[in-house]
């Protein structure tokens, strides 16, 4: 998810020509990999009913002049009263995507590298990758924010034409914190709050609004490389009616993304966040 930084590559990721945006920008290399860990838990009166854990790697590289992002080393498991079991892959776990990723973290132009005539490809949801990237890569402001300054970003997706797809938006508020030093490395700290709202169409063609999901997170950006090195987030979700009817009362989740080859990678190293 070896380091060669060029202005031409930045313009390539941006997908347009002209002057570069003012202020801070990410210095994207030719190759990078992010490790992602995610866990969620459903409870009944604080007693765990279901624990879900997911670990994967997002590999980013250029191919034929385009940015390619793919999942690798995917591992999913679930634990309930019957024990622990592995969860099979979804089609989204195996696909590569073309992505336009700008120097300020703009995410657009997601295109699955898959034959759309195949049913499994036609039903895959590009928004899964889109939302993963936004958690790992904050959207930078147009200027140079001082400590305490805030800015906002809206990320839209639309998978509504697919059988299990939704459309919606993530409205994220970012706040610049004070720099911190870990070891000998200085990191820019960005706190964020994301509100995700989605809509889906029922079999009767009605539009249903899903419960809002709120996430609170923080990202450390390496001052030497200009890359997001570590993100961590947590949140809660309103349970569907059928799940509440089965006796569950609450649900929460947390996750993290960290750049391979950094001290964070060595620290967490595929730990599934027990």
Residue list for region 29-49, restricted to those being in a strand (DSSP E or B) and out of contact with any strand residue (DSSP E or B) (no Cβ under 7 Å at 6 or more places or on another chain) = 44, 47
Across (1) crowded, with 18+ Cβ neighbours inside 10 Å; (2) modelled with pLDDT under 85, residue 215 clears everything bar (2)
Looking only at region 128-136, decide whether some residue is part of a loop (DSSP other than H, G, I, E, B), at negative phi and either at pLDDT below 90 or within 19 Å of the chain's Cα centre (by Cα) (or both).
-> no
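The values are calculated or read from the model by the stated rules, or taken from the named source; none is laboratory data. Remember, predicted model here, so these are calculated numbers, not experimental data. So basically every Cβ, Gly included, is an ideal-geometry build from the backbone, and we count neighbours across all protein chains shown.
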